[in-house]
1. For F563, F503, F381, which order do you get if you count the other beta carbons within 10 Å of each Cβ and list the fewest first?
2. Remind me, what semi-axes does the range 122-164 give for its equivalent ellipsoid, largest first in whole Å, using sqrt of 5 times each Cα gyration tensor eigenvalue?
3. Of L138, L8, how do they rank once you tally other Cβ atoms within 10 Å and put the fewest first?
4. Please list log₁₀ I(q)/I(0) at q = 0.10, 0.19, 0.21, 0.23 Å⁻¹ for the range 1-115, using the Debye equation with identical point scatterers on the alpha-carbon positions.
5. Under 5 Å between amide H atoms, partner at least 5 residues away or on a different chain: which partners does L391 have, H built in plane at 1.01 Å?
6. Please compare each pair in K414/K486; K16/K101; K486/K508; K3/K98; K3/K345 to a cut-off of 18 Å on the Cα-Cα distance and tell me which ones are over it.
7. Taking H as built 1.01 Å from N, whose amide H comes closer than 5 Å to the amide H of Q587, not counting residues under 5 places away?
8. Residue-wise, which Karplus ³J(HN,Hα) couplings in Hz belong to the range 586-599, taking 6.51 cos²θ - 1.76 cosθ + 1.60, θ = phi - 60°, and x for glycine or proline?
Amino acid sequence: MNKIREALHLTLRGYKLWWERHPKMLVSNTAHAAAEALSPYVGIYLIAQIINEIAGARGTDRLIFLTALTLASTAALSLLTAVLLRWKNYHNSGIFSKWEKVGVDKLLAMDFRDVDSARTHDLISQMRQNTNFGGMGLAKLVWSFDTLVRSVLSIIGAFALTFSLFTSQVPESGGWLTVLNNPVFILLIIAVMFAVSLVSSMFSIKSRALVWGMMENMKFGNRVFLYVMTLARDRARALDVRMYRQDVSVKGLFDDTLRSPGAYSLATLSRKISKPMGLYNGASAVISHIFTAIIYIFVCLKAWGGAFGVGSITQYIRAISAMAEGVSSLLQYLGEMYNNVPFLKTSFSLLDTPNKMYQGTLSTEKRSDNKYAVEFRNVSFKYPNQETYALQNVSVTFNIGRRLAVVGENGSGKTTFIKLLCRLYDPTEGEILLNGIDIRKYDYKQYMDIFSVVFQDFQLLSLSLGQNVAASAKYNAEKAAESLAKSGFSEEWSLETQLYKDFEETGKEISGGEAQKIAIARALYKDAPFIILDEPTAALDPIAEAEIYGKMNEMVGEKTAVFISHRLSSCRFCDDIAVFHGGRLVQKGGHDVLVGDEEGKYRELWEAQAGYYQVG
């Protein structure tokens, strides 16, 4: 009983989610399903009346009227159903995109620490498999909604046409057939018909459940299959795939995966469930035919006894057959919703992930003087589910309008330092202050608005150059062109030039250096008081790098700037240099002071790099 309540709760919650997002989709499904379910009964009723008239009085005028009404109503209902189908298809179009957007919206609203977690990526992967392979989860509710409406209305319409079947009395002249008038017999017939429909539906549901039950076993195999199939069309991997024939190595991985215990392929799945599925489907078909036989026998016996005319035989048989289909369809729908529970739970496990970061309420007070002072005070940080500290006891102040370089070996904590500054994570210990106030007290979105960042693994989109710079569909062309010029982007391209060839054959493929300059231009376009560049020249040649740093003061202006760099020569123009090692801030000062400290980490790094440029 608890499982049934859970299925009802999750199903209603899923429909509520779709109603809040796309109400017209459900309304159009309902309207079309209603027209499709009820239209046949109009024809069934009118044709029965025509046959009764032919078998009885044979009134010409009445026959003409009934025939004309049948043709007109059939044409009108067919037109209405077609119009409603078009309306339904319009609102159901892009269902995969609408379903994906449910997950995307949640990801955008989640704390970054959860977006970055393995659990979240696993849930997303499971949701996609559930939908793409088995058609289950939230998308199943939409695809099955018209089945629910059509089944219920079909049962109601059939009941309206068959009610008189059970109330029509066999006259005394019918002899022993008057037993069909007995209420107990009528209830028995109804019970038998319902039981047959129930058993038939249960066999059909069990057949489908065999497939759904195997989906957990196919999860890993499907994930490997998707990886293998998308490898060749991944632009970023294209060169390595061809040079090292990675298609051969991943095929071996795929074959090994399919041979591993518990990882089923479609062929394995077919072998395991083909026999029981055949038995269940065969049993369902046999029982359905038994039901049809019961209908024919009962209706024909009542007609033979004189309870109604020959035309009503057609009406009752077709109506009860439709009712049986409606009952069977409704029961199958209920069975599918019951079996859909694990897949809905996966979806809601993602959607119910709580935000733990305090969002804050204080305004950052957009200042025209850009005087935002930031201080790290005894900040330590561990990544989720990690035992070791990525940063430990870091204290540093960002002086307004100055340039700070952050240097250190790989894994020293530089990028973690920036993630904390941008509040992608909150400190495990200590606090970060903006103008003397803990940054957690500021409105989260407003706080992030004061930063322009070029991350090490930045991404550009397959949109126009101008849209990439502005990170928006609409942009200020003059400002975008100015930002590109400041970043050193020298290509003579229109702002409408399409990047990459995903959507246009004439799209421009760009080098890593060009992409990095566009990313810097994007940071400049945002015009935030803090600008942060994480390895801003890693993909540039030495000459382009020198040009960038030569114009850095012009680019940054009066903003407070933070640069993460492995190339210590780029730090000479900065006012301060923060040296990280092993997650700790070990030195801070100007270049000349730090390079003069022979025992310091900065001097060690400087001499190690200088050795590459010494001759002989």
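Just so it is clear, none of the values below were taken in a lab; they were calculated from the coordinates. This is a predicted model, so every value here is computed, not measured. We place every Cβ from the backbone using ideal geometry, glycine too, and count neighbours over all the protein chains shown.
1. Fewest-to-most ranking of F563, F503, F381: F503, F381, F563.
2. Taking √(5λ) for each Cα gyration eigenvalue gives 36, 6, 5 Å.
3. L8, L138
4. -0.56, -1.02, -1.11, -1.19
5. Under 5 Å from the amide H of L391: F381.
6. Exceeds cut-off: K414/K486; K486/K508; K3/K98.
7. V579
8. In residue order, the calculated couplings are 9, 8, 8, x, x, 4, 4, 5, 5, 6, x, 7, 5, 8 Hz.
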